[in-house]
Amino acid sequence: MNFRYFTLLITLLAAGCSQPSEKIIVATAANVQYVMKEIKTEFEKESGKEIQIVVGSSGNLTTQIREGAPFDVFVSADTRYPEEIFKNGGSEEKPKVYALGSLVLWSKDIPQAELNTALLATEKVKKIAIPNPKTAPYGVAAMEVLQSQNLTGETASKLVYGESIAQTAQYIMSGSAEAGFNALSIVLAPEMKGKGNYITINPKLHKPIEQAAILLKHSDSSPKKESSRQFYDFLYSKKGQAILVKYGYESMSE
């Protein structure tokens, strides 16, 4: 058994409640972790159902799903991973985009007025933190930005990869990297708001960050099926979408 999945399984079992079969387990991309806390609170208040959130990069969470992790809903940072799960039979329904994400350039100490992508090629910035593009969609977007600005060669030796948005934020806020790319939802979170300085990256410099969710087959068993569907629908409801907008996402509701 994969060690990472074994550790996850032990964590889930240890965090169990009196009715563990009733708990909805939501695999959540790291960029959505703070907004998901608020969505969790509102959903639990409205439905009386309990949610457990498991956070990781979209790629790593997909690996865990392949290995049998008992997730009921997967809230990804892109569409590729949920589509892969659907094509491999992990869900009866196609994934659906719930929001568009925004990429930012963030620094602990560099003033906002000085922040720009060109600065990344200068001596002022020795390390640039980005989410690992192999597993994190925001990392893919960051690499597309560097390429579109002809900065790939000049910044290649400066890149420091975080396994997720969360680890990348730690690199930036600790000063280990003078600047880095992250999600707008992270810098707007109550835990991070006001820390450091950031600018929003022009979305024309990278492909749209379409974030999709998928209802997993694990939730087919009763009584979790109905509860999982209820949470999945809540994510796309006016209330759920309003919370996403509060954290800098572009709503998919009409």
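Brief remarks follow.
- Lone qualifier among P70, P95 - being modelled with pLDDT under 95 and open to solvent by 10 Å² or more (accessible area, probe 1.4 Å): P70
- Some residue of segment 146-163 being of a type in the set (F, W, Y) and over 18 Å from Y34 (Cα atoms): yes
- Any chance A141 is assigned to a strand (DSSP E or B), of a type in the set (G, A, S) and either open to solvent by less than 10 Å² (accessible area, probe 1.4 Å) or closer than 22 Å to S164 by Cβ (or both): no
- Among (1) open to solvent by less than 10 Å² (accessible area, probe 1.4 Å); (2) modelled with pLDDT under 95; (3) aliphatic (A, V, I, L, M) - the single one M192 does not satisfy: (1)
- A single member of E163, E210, E226 is open to solvent by 30 Å² or more (accessible area, probe 1.4 Å) and over 19 Å from I130 (Cα atoms), and it is E226.
- Filter result for the condition that a residue is out of contact with any Leu (no Cβ under 8 Å at 6 or more places or on another chain), at pLDDT 95 or above and outside any helix (DSSP H, G or I), over L100, L105: L100
- Every test in (1) charged (D, E, K, R); (2) under 15 Å from the mean Cα position of the chain (by Cα); (3) in a helix (DSSP H, G or I) is passed by E154 save one, and that test is (2).
- Taking the conditions (1) open to solvent by less than 30 Å² (accessible area, probe 1.4 Å); (2) free of Cβ contacts under 8 Å to residues at least 60 places away in the same chain; (3) touching a Ser or Thr at 6+ places or on another chain (Cβ under 8 Å) in turn, V125 satisfies each one other than (3).
- Of T79, T152, T168, all but one fail to be of a type outside the set (D, E, K, R), surrounded by fewer than 17 Cβ atoms within 10 Å (Cβ to Cβ) and modelled with pLDDT of 95 or more; the exception is T152.
The values are calculated or read from the model by the stated rules, or taken from the named source; none is laboratory data. The structure displayed is predicted, hence computed values, not measured ones. Cβ sites come from the backbone with ideal geometry, for glycine too, and all protein chains shown count toward neighbours. Quick note on the areas: whole protein, heavy atoms, side chains included, nothing else; ligands and nucleic acids left out. Shrake-Rupley method; radii C 1.70, N 1.55, O 1.52, S 1.80 Å.
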